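**Q** Dropping the structure in here first, questions after.
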Amino acid sequence: MEAYNEIAVEVQKHWFKDWFNSPYYDLLYSNRDSKEAVSFIDKLLEYLRPPADATMLDVACGTGRHARYLAEKGFTVTGIDLSIRSINIAKKLENPRLSFFQHDMRLPFRVNYFDLVFNFFTSFGYFETARENDNALRTLKNALRPGGRLVLDYLNSTYVGEHLVYEEVKEMGDVVFDIHREAEDGKFLKEINILDRSRMQRASYTESVCAFTKQDFEDMFARQGLQITDIFGDYHFNNYDEHHSPRLIIIATKP
């Protein structure tokens, strides 16, 4: 018990920097449904019908698995992510059609360059202020050439709030994740307390994601001059329903 009490506790302040660079992040989310992701991208490409020579930007690309899949389809794909750890992993996948860069989405990247910009799997709404989130959306918009299209895939806040699992414990090998979720001040908070029994250490991270509604996004897109063309409610492209759709997938065009 004494050894347990002496374990150092790390509380990370900048969660989107520190958590995404942590090996525990990859471990916790290692069971994500890759088949569902591939199926969604296939359906998305069928819907978008991009030309064979289309250029694409995957914003918050992580370790690059989705960017790689798009490049395997023959497109020229660039991935950016804030996590240097993720980018170093992704760079091992690089080829003439696929490249990766560490980059903060709040800052401009290749203005008027891409045919398509993707932001998959709730990789938005991390920041503390409305200005920062607006800056991030501006980066996505400005990266598009005129006539280019943006796909932003976000959680449906109403649905998530109504189905929130407040307490959860996951054991993955020697690592125990004690997870607490709550909705507070317009954000979804996910406190992740980690016990690594093999290393006899603890760590703590708190994910914070804005509970943006459909109306919030419509307002943000309007401020950037983006024209929303479609909104879907799941990865099967069913119509969006506020209380029944798990996702909020927005397709928009840059005039």
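**Q** Can you compute the radius of gyration and Dmax for the chain, using only the Cα atoms, both in Å?
**A** Rg and Dmax of the chain, Cα atoms, are 18.8, 63 Å.
**Q** What percent antiparallel are the DSSP beta bridges of the chain, to the nearest 5?
**A** Roughly 70 percent of the DSSP beta bridges within the chain come out antiparallel.
**Q** Roughly what % of DSSP beta bridges within the stretch 106-196 run antiparallel, to the nearest 5? Show your work: numbers first, answer last.
**A** Working: 16 of 21 bridges.
That works out to approximately 75 percent antiparallel.
**Q** Here is a follow-up. Among 201, 102, 227, which one shows the highest mean-square fluctuation when the chain is modelled as a Gaussian network with alpha-carbon springs under 10 Å?
**A** Checking each option, the largest mean-square fluctuation is seen for 201.
**Q** Shifting gears a bit: Report the Cα centroid-to-centroid distance between the stretch 117-151 and the stretch 167-206 in angstrom, as an integer.
**A** 28 Å
**Q** For q = 0.17 Å⁻¹, what log10 I(q)/I(0) does the stretch 22-101 give under the Debye formula with an equal point scatterer on each alpha carbon and no solvent?
**A** -0.68
**Q** Still on this model: Which semi-axis lengths, in whole Å and largest first, follow from the square roots of five times the eigenvalues of the Cα gyration tensor of the stretch 172-244?
**A** Working: eigenvalues 263, 48, 26 Å².
After diagonalising the Cα gyration tensor, the semi-axes are 36, 15, 11 Å.
**Q** Follow-up. Just the Cα atoms of the stretch 91-222: what Rg and Dmax do they give in Å?
**A** That works out to 18.1, 54 Å for Rg and Dmax.
**Q** Separate question: State the volume of the convex hull built on the alpha-carbon positions of the stretch 205-254, expressed per residue in Å³ and rounded to an integer. Walk me through the intermediate numbers first.
**A** On the way: hull volume 5.5 nm³, N = 50.
That works out to 110 Å³ per residue.
**Q** Let me ask you something else. As a test of the formula, what do you get for the chain when each DSSP H run with n ≥ 4 contributes -39,500 (n - 2.57) and the sum is divided by the residue count, at 222 nm and rounded to the nearest 500 deg cm²/dmol? Don't jump to the answer; show the numbers that get you there.
**A** Details: 9 runs with 74 residues, N = 255.
Mean residue ellipticity at 222 nm (helix-derived): -8000 deg cm²/dmol.
**Q** Further question on the same structure: Say R0 is 22 Å: what FRET efficiency, to the nearest 0.05, do residue 163 and residue 43 get from their beta-carbon distance?
**A** Details: r = 24 Å, r/R0 = 1.07.
Computed FRET efficiency for residue 163 and residue 43: 0.40.
**Q** Estimate the FRET efficiency between residue 135 and residue 172 by the formula 1/(1 + (r/R0)^6), using the beta-carbon distance for r and 45 Å for R0, to the nearest 0.05. Could the numbers behind the result be given before it?
**A** On the way: r = 35 Å, r/R0 = 0.78.
That pair, residue 135 with residue 172, gives E of 0.80.
**Q** Listed highest first by mean packing, meaning other Cβ atoms within 10 Å per residue, what order do 103-109, 118-124 come in?
**A** Listed from highest to lowest mean packing, they are 118-124, 103-109.
**Q** Taking the chain as a Gaussian network, Cα atoms linked when under 10 Å apart, which of 208, 157, 39 shows the biggest mean-square fluctuation?
**A** Evaluated over the chain, the most mobile residue of the options is 39.
**Q** Residues of the stretch 102-117 with backbone nitrogen within less than 18 Å of a virtual label 7 Å along the Cα-to-Cβ line of residue 76, please, listed as ranges.
**A** What the label zone holds, given the 18 Å backbone N cut-off, is 109-117.
**Q** Excluding residue 211 itself, calculate the net charge of residues whose Cβ lies under 10 Å from the Cβ of residue 211, where each Lys or Arg counts +1 and each Asp or Glu counts -1. All intermediate terms of the calculation are to be shown ahead of the outcome.
**A** On the way: positive: 187; negative: 184, 185, 216.
Taking every Cβ under 10 Å from that of residue 211, the sum is -2.
**Q** Running a GNM on the chain with Cα contacts under 10 Å, which residue among 85, 131, 68 ends up with the highest mean-square fluctuation?
**A** Its mean-square fluctuation being the largest, the pick is 131.
Every number in this text was worked out from the coordinates using simple rules, so none of it is lab data. Since we're looking at a predicted model, the values are computed, not measured. All Cβ positions, even for glycine, are placed from backbone atoms using ideal geometry, and neighbour counts span all protein chains on display.
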